[in-house]
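Asks: Have a look at this one before I ask anything.
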């Protein structure tokens, strides 16, 4: 009987201690939440600080050095990358080209916006690196330019695979793409997008060098084109391939003046961003992709009046620049990962 009483007394003591334990847990939880809020605030202050932004190149260089030192085996043609926020985080993906693989026969649509017709010869030469079943779609802004472009295509013997459309000179190169060829983009399993980039806000040598790098990294030779197309053929989940980001623009991988437009366009997809959200995008707006990665923005059914007129005063804070920064978000929304061609 004494044993029973002692057991009952012990049980009663335990029950009496439960509120105390609960209070301790609640207090501890409150302390943790407070500490978490404090750390989050401090972290955001760090990300927004001048010193953090100024040391971006140093951290990038250190990362590159670590990758080089740790690299083993076959050289990876496509570097592993990610896009933020976590809701659309792309899967890290490495791909090394098989030198013995046969050329891909996947149908391909090439979309070029050629405002500066003096660059047309250079760009049309790149089309010669694509498979013979590829088709070329060119946008420009006047009938005079259209006639000249068609003449150049005839001279190269590709006029039967080319169409040239006249589009208003608004939205830089993005409106002619998303509106001017909205009826064509989704018809292909794979597309390449280029434009006649002059970068007049940069020193001339920097701008020319950047354009040559963008072109050559994406389609500078038949071997490069074949390797990229094989990557898509071999990996159904690969949605987009971007060119390298030049050092000159490393510090410009951010929202700029486009945050509010991006926030509104992402909200219907359940993606919330804040002003310190780290992002990435194909700087220069040239890339290879499966058209489905562009569907979230094509489905917006933009009109030309939604875009600002192209001009030196609209180099940021426009719908065109917001869409450039949304390209990898679209890739994630469509359920694909992406990769970048290393320098």
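Coordinate-derived values only; no laboratory data. Remember, it's a predicted structure, so these values are computed and weren't measured experimentally. For neighbour counting, all protein chains shown are included, and Cβ atoms are generated from backbone atoms with ideal geometry for every residue, glycine included.
Asks: In whole Å, largest first, what are the principal axis extents of the Cα atoms in the range 277-343?
Replies: Computed over the range 277-343, the largest-to-smallest principal extents equal 33, 30, 24 Å.
Asks: Follow-up. Just grab the label-to-label distance for residue 182 and residue 159, each label 7 Å out from Cα along the Cβ direction, in nm (one decimal).
Replies: 3.1
Asks: Sorted from largest to smallest, which semi-axis lengths in Å does the alpha carbon gyration tensor of the range 101-231 give for its equivalent ellipsoid, taking the root of 5 times each eigenvalue?
Replies: 22, 19, 14
Asks: Distances longer than 20 Å among the Cα atoms of the range 149-304: what percent of all pairs is that?
Replies: Here the long-distance tail beyond 20 Å is 62 percent of all Cα pairs in the range 149-304.
Asks: Calculate, for residue 233 and residue 267, the FRET efficiency according to 1/(1 + (r/R0)^6) with r their C-beta to C-beta distance and R0 41 Å; round to the nearest 0.05.
Replies: Using R0 = 41 Å, I get an efficiency of 0.75.
Asks: How do the peptides 219-232, 280-293 rank, highest first, by the average count of neighbouring beta carbon atoms within 10 Å per residue?
Replies: 280-293, 219-232
Asks: If you don't mind, another one. Stretched out fully, how many nm does the piece from residue 151 to residue 133 gain, at 0.36 nm a residue minus the Cα gap?
Replies: Going from the current span to full extension adds 4.4 nm.
Asks: Taking the Cβ-Cβ separation of residue 309 and residue 260 as r and a Förster radius of 25 Å, what is the calculated FRET efficiency to the nearest 0.05?
Replies: So the FRET efficiency works out to roughly 0.80.
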